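Here the structure comes first, spelled out in structure tokens, and everything after it is commentary.
The values are calculated or read from the model by the stated rules, or taken from the named source; none is laboratory data. Bear in mind that the values here come from a model prediction, so they are computed numbers and not experimental data. Ideal geometry is used to build each Cβ from the backbone, glycine not excepted, and the neighbour counts take in all protein chains shown. Just the protein is used for accessible areas: all its heavy atoms, side chains included, with ligands, DNA and RNA removed. Shrake-Rupley method; radii C 1.70, N 1.55, O 1.52, S 1.80 Å.
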Amino acid sequence: MVIVMSPGAAEVELAEVVTAIEAGGGAAFVSRGVARTIVGVVAGEAVLEALDVARLPGVAEVVRITAPYKLVSRENHAHTTTVHVGGVPIGPDTFTLIAGPCAVETPEQTLAAALMARGAGAALLRGGAYKPRTSPYAFQGLGVDGLRILADVRAETGMPVVTEVVDAADVDVVAEYADMLQIGTRNMQNFALLQAVGSIGKPVMLKRGLTATYEEWLMAAEYIAQRGNLDIVLCERGVRSFEPALRNMLDVSAVPMVHAMSHLPIIVDPSHAAGRRDLVVPLARAAIAAGADAVMVDVHPHPETARCDGPQALTDGPLDELAQVVATLPTILGRRSTAPQPA
Ligand code: PEP
Ligand code: MN
């Protein structure tokens with residue numbers, strides 16, 4: 001069961017609802033979004049039947065939810081949520097491009113990639129300072145030095161920053177610098193990490209696990225929501241498949257399916273799905289056509305020397321082509337572009 005509080009509900013009214021739930025034998029989880037506060041109730045069937053909270057002051061609505069993911073389910077909320085990242089919306093009315101280097105390497109490389117990203121219409125800068133690498137011998141990221149570089153480039157370009165956190169112990173420091181924290185594929189079911197980002201007041205991007213079902217993915221999002229953070233963006237980045245030609249298989253169906261199952265926005269990362277530059281623009285086009293609320297791509301000024309994922313990074317021609325797609329296709333589909341206006 002989910003209790004939706006009225007937009008103007010007072011703290012004492014919220015406290016009264018929580019007290020009534022606990023007195024009835026249930027557990028209450030309060031989640032505060034920008035626009036509304038909701039209370040998730042976990043209790044047995046008999047306790048839920050007996051709860052009489054609809055009449056309490058400040059309660060707008062009581063929703064019985066059958067899906068196992070409750071706070072993030074579509075049943076809970078008819079309208080797709082808009083998540084604001086440093087003021088940039090990701091939601092149903094807009095289209096946002098997120099772009100930047102896979103990994104932050106140097107100040108010069110990060111600034112050059114950010115300018116390329118912004119020139120292509122990206123409103124948000126991505127870049128990893130903590131890299132979850134398959135091999136322990138591969139570049140693991142610059143850590144806090146990388147976060148500082150991202151903050152400097154944000155100051156220079158005005159682009160809010162999306163960056164990954166791989167360890168619950170680093171959540172506070174990453175949140176100090178990031179506008180949105182990314183949870184990578186390999187950590188989708190790192191429950192301690194999910195709970196840690198659920199307790200910070202910053203948006204979270206949750207990438208789909210390598211072999212995760214939609215339900216497992218939404219249950220992972222529920223861990224974040226249950227700790228009080230409803231500003232979650234889901235990211236489809238391809239799943240393991242039998243086809244060796246591709247790094248991963250982009251599941252375009254995830255876009256309309258997640259929109260049907262959840263009120264959270266869903267975005268697509270065609271770069272990590274494809275693993276190769278020539279497929280990124282066609283997959284981005286498919287993602288936008290399928291209804292993605294944003295697309296996130298890797299760009300790099302010198303992909304041949306990139307310390308991470310160079311073969312998929314966009315430059316020159318393919319980046320110009322992406323810029324063209326982003327400038328035209330979302331508008332045809334009724335979305336307002338969040339691309340920064342040229343200075
Ligand atoms: C990334 O976005 O840099 C990344 C590591 O992606 P994924 O978790 O999807 O592999
Ligand atoms: Mn990468």
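If the condition is being crowded, with 22+ Cβ neighbours inside 10 Å and within 14 Å of ligand 1 (Cβ to nearest atom), then region 118-133 contributes Leu124, Leu125, Arg126, Gly127, Gly128, Ala129, Tyr130.
Filtering Ala60, Ala35, Ala54, Ala78 for residues that are in a loop (DSSP other than H, G, I, E, B), modelled with pLDDT of 90 or more, open to solvent by 40 Å² or more (accessible area, probe 1.4 Å) and more than 16 Å from Leu218 (Cα to Cα) leaves a single hit, Ala54. A residue that is open to solvent by 40 Å² or more (accessible area, probe 1.4 Å) and at pLDDT 95 or above can be found somewhere in region 88-99.
Among the residues of region 189-200, is there at least one that is touching a strand residue (DSSP E or B) at 6+ places or on another chain (Cβ under 6 Å), at pLDDT 95 or above and β-branched (Val, Ile, Thr)? Yes: region 189-200 contains one or more residues that are touching a strand residue (DSSP E or B) at 6+ places or on another chain (Cβ under 6 Å), at pLDDT 95 or above and β-branched (Val, Ile, Thr). For region 219-244, a residue qualifies if it is open to solvent by 30 Å² or more (accessible area, probe 1.4 Å) and over 16 Å from Ile38 (Cα atoms), and the qualifying residues are Met219, Arg240, Ser241, Phe242, Glu243, Pro244.
The C-beta contact set for region 298-323 (first residue without any contact (Cβ under 8 Å) to a residue 40 or more places away in the chain, second residue of a type in the set (A, V, I, L, M, F, W, C), distance under 7 angstrom, 6+ apart or interchain) comprises Pro303/Ala313. If you check Met180, Met205 for being within 16 Å of ligand 2 (Cβ to nearest atom) and either of a type in the set (A, V, I, L, M) or within 21 Å of Ile266 (Cα to Cα) (or both), only one passes: Met205.
Looking at region 148-169 only, could you name the residues that are in a helix (DSSP H, G or I) and either within 15 Å of ligand 1 (Cβ to nearest atom) or without any contact (Cβ under 8 Å) to a residue 24 or more places away in the chain (or both)? Answer for region 148-169, where residues must be in a helix (DSSP H, G or I) and either within 15 Å of ligand 1 (Cβ to nearest atom) or without any contact (Cβ under 8 Å) to a residue 24 or more places away in the chain (or both): Leu150, Ala155, Ala169. Looking only at residues in region 266-306 that are in a loop (DSSP other than H, G, I, E, B) and small (Gly, Ala, Ser), the one that is least open to solvent (accessible area, probe 1.4 Å) is Ala292.
The single residue among Ala323, Ala313 that is more than 30 Å from Val72 (Cβ to Cβ), open to solvent by less than 30 Å² (accessible area, probe 1.4 Å) and away from ligand 1 (no atom under 16 Å from the Cβ) turns out to be Ala323. If the condition is being within 16 Å of ligand 1 (Cβ to nearest atom) and of a type in the set (Gly, Ala, Ser), then region 68-104 contributes Ala99, Gly100, Ala103. Taken over region 252-265, the residue count meeting the criterion of being β-branched (Val, Ile, Thr), assigned to a helix (DSSP H, G or I) and surrounded by fewer than 24 Cβ atoms within 10 Å (Cβ to Cβ) is 1.
For region 211-227, indicate whether the set of residues that are modelled with pLDDT of 95 or more, within 16 Å of ligand 2 (Cβ to nearest atom) and either not assigned by TED's automatic domain parsing to the domain that holds Val41 or not aliphatic (A, V, I, L, M) (or both) is non-empty. Within region 211-227, none of the residues are modelled with pLDDT of 95 or more, within 16 Å of ligand 2 (Cβ to nearest atom) and either not assigned by TED's automatic domain parsing to the domain that holds Val41 or not aliphatic (A, V, I, L, M) (or both). Within region 183-202, the residues that satisfy the criterion of being open to solvent by 10 Å² or more (accessible area, probe 1.4 Å), not small (Gly, Ala, Ser) and not in a helix (DSSP H, G or I) are Gln189, Asn190, Ile200, Lys202.
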